[in-house]
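The values are calculated or read from the model by the stated rules, or taken from the named source; none is laboratory data. In this text, all values refer to a predicted model and were calculated from it rather than measured experimentally. Counting neighbours? That spans all protein chains shown, and the Cβs are built from the backbone with ideal geometry, glycine included. Only protein heavy atoms, including side chains, enter the accessible area calculation; ligands, DNA and RNA are left aside. Shrake-Rupley method; radii C 1.70, N 1.55, O 1.52, S 1.80 Å.
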Amino acid sequence: MADLVDSMLDLMRRLPPTRTEENVNALIGVCPDYADDLLGSVDQPLQVRTDRLTGREYLACDYNRDGESFRSPWSNEYDPPLEDGTVPLPKLRKLEISANEVFDTYREMYFEGGVSSVYLWDLEDGGFAGVVLLKKTMTPATPQEPSGSWDSIHVFETAERGRQAHYKLTSTIMLQLITKKGSEGDNADGDKKNGEKKGPESWKRDGEVTLSGSMTRQTEQDWPIHDASSHITNTGKMIEEMEIKMRNLLQEVYFGKTRDIVYDLRSVDDLEKTRRQRELQKELLGSFKR
């Protein structure tokens, strides 16, 4: 069993991250007995669903899934309805409601849109754990505008130790960006020349650049607690710091490295002009040495 699951996870690491959902469903179709193991091990883009009772949007993932149903943080009900679905105890549910309100404000301040959800559950050792989900999608107004999505999954565990609590946070960010170049007329002419059908179902089109991937980081910290709401404050600080660090890493390391590679592969300036500039630099250096 372990070898088969490891093989599926190893295969997922080598497949395009933009098709994670499609690849996971394909593997589940081949090995349905290991669906829970695969879904619990592979991070997928968060799904946006609507609470039928409140009309508010929430995020669905493996942490609020029970069978084929997903629990809403707003009404605490499963969709499709589930009679014996797992729900938090009243004390933890009260904390979950407050956490959803706090992170809804956090989402609006940092993302200016999108959807957020918080789910909590009890642990066997007496503590509790939870997950904070954030998703922002950029929908293009025209086919030529860029599109993309940001998915944050912050899983934390809490263990109280007197007047302090120990927190373990595991954060995963999935980023996808798609840019297109050219006008509708150019694309139409190119499709006619190539004799290919370019539709929404095609994986990639001419002039399209896709940048996608995921990053995971972990941290552990101890914070003082005064009451139950202190857990929201403490985890909020940790998540805020972690998201800022990971965003800077994405911007400086990943995007910077991609930019350097592209510039090394193709020069923006004319090659003849660049060659003349280098010869002029050599002549100036030679005259200074004299």
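Identify the residue in the stretch 58-72 that is of a type outside the set (D, E, K, R) and assigned to a loop (DSSP other than H, G, I, E, B) and, among all such residues, is surrounded by the most Cβ atoms within 10 Å (Cβ to Cβ).
Once the filter is applied, the top-ranked residue is Ser72.
Just one of (1) outside any helix (DSSP H, G or I); (2) open to solvent by less than 80 Å² (accessible area, probe 1.4 Å); (3) touching a strand residue (DSSP E or B) at 6+ places or on another chain (Cβ under 8 Å) trips up Gly55, so point out which.
It fails just one condition, (3).
Looking at the structure I just gave you, is Ser75 touching a Ser or Thr at 6+ places or on another chain (Cβ under 8 Å), in contact (Cβ under 8 Å) with a residue 60 or more places away in the chain and either open to solvent by 50 Å² or more (accessible area, probe 1.4 Å) or over 15 Å from Val115 (Cβ atoms) (or both)?
no
Take the residues in the stretch 227-246 that are without any contact (Cβ under 8 Å) to a residue 60 or more places away in the chain and not acidic (Asp, Glu); name whichever of them is farthest from Met174 (Cα to Cα).
Selected residue: Thr233.
Go through (1) closer than 20 Å to Ile173 by Cα; (2) open to solvent by less than 50 Å² (accessible area, probe 1.4 Å); (3) not hydroxyl-bearing (Ser, Thr, Tyr) one by one and return the number of the condition Leu27 breaks.
Among (1) closer than 20 Å to Ile173 by Cα; (2) open to solvent by less than 50 Å² (accessible area, probe 1.4 Å); (3) not hydroxyl-bearing (Ser, Thr, Tyr), Leu27 violates only (1).
Which one of Leu46, Leu95 is within 25 Å of Ala228 (Cβ to Cβ), surrounded by 13 or more Cβ atoms within 10 Å (Cβ to Cβ), modelled with pLDDT of 90 or more and aliphatic (A, V, I, L, M)?
None of the others qualify; the one that does is Leu95.
I'd like the full set of residues that are of a type in the set (A, V, I, L, M, F, W, C) and in contact (Cβ under 8 Å) with a residue 40 or more places away in the chain, limited to the stretch 91-120.
Leu95, Ala99, Val102, Phe103, Val115, Val118
Say we look at the stretch 98-122 and pick out the residues that are of a type in the set (Gly, Ala, Ser) and assigned to a strand (DSSP E or B); which of these is surrounded by the most Cβ atoms within 10 Å (Cβ to Cβ)? First the steps, then the outcome.
Start the filter on the stretch 98-122 by keeping residues that are of a type in the set (Gly, Ala, Ser), which leaves 98-99, 113-114, 116-117.
Now narrow it down to the ones that are assigned to a strand (DSSP E or B): 116-117.
Numbers: Ser116: 26, Ser117: 31.
Looking at the filtered set, the residue picked out is Ser117.
Return the residue satisfying two criteria in turn: it lies in the stretch 245-272 and is surrounded by 10 or more Cβ atoms within 10 Å (Cβ to Cβ) and of a type in the set (D, E, K, R), and of such residues it is nearest to Gln176 (Cα to Cα).
Arg247
Tally the residues that are assigned to a helix (DSSP H, G or I), of a type in the set (Val, Ile, Thr) and open to solvent by 50 Å² or more (accessible area, probe 1.4 Å), restricting the search to the stretch 210-243.
The number of residues fulfilling the criteria is 1.
Counting only residues that are of a type in the set (Ser, Thr, Tyr) and in a strand (DSSP E or B), which one in the stretch 135-152 is nearest to Lys181 (Cα to Cα)?
Across the stretch 135-152, the extreme among qualifying residues is Ser147.
Is it true that Ser287 is part of a loop (DSSP other than H, G, I, E, B) and open to solvent by less than 70 Å² (accessible area, probe 1.4 Å)?
no
Scan the stretch 9-21 and tell me whether some residue there is at pLDDT below 95 and either of a type in the set (S, T, N, Q) or more than 19 Å from Ser214 (Cα to Cα) (or both).
Yes - at least one qualifying residue is present in the stretch 9-21.
Take the residues of the stretch 123-155 that are surrounded by fewer than 17 Cβ atoms within 10 Å (Cβ to Cβ) and among the polar types (S, T, N, Q): which is modelled with the lowest pLDDT?
Only one residue fits best here, namely Gln144.
Would it be correct to say that Glu21 is under 20 Å from Trp150 (Cα atoms), in contact with a Pro (Cβ under 7 Å, 6 or more places away or on another chain) and open to solvent by 70 Å² or more (accessible area, probe 1.4 Å)?
The answer is yes for Glu21.
Name the single residue, out of those in the stretch 210-231 being at pLDDT below 85 and out of contact with any Lys or Arg (no Cβ under 8 Å at 6 or more places or on another chain), that is farthest from Glu145 (Cα to Cα).
Here the answer is Gly213.
Residue pairs, Cβ under 6 Å, 6 or more apart or interchain, first in the stretch 1-22 and within 16 Å of Pro45 (Cα to Cα), second among the small types (Gly, Ala, Ser). List them.
Pro17/Ser212; Pro17/Gly213; Thr18/Ser212
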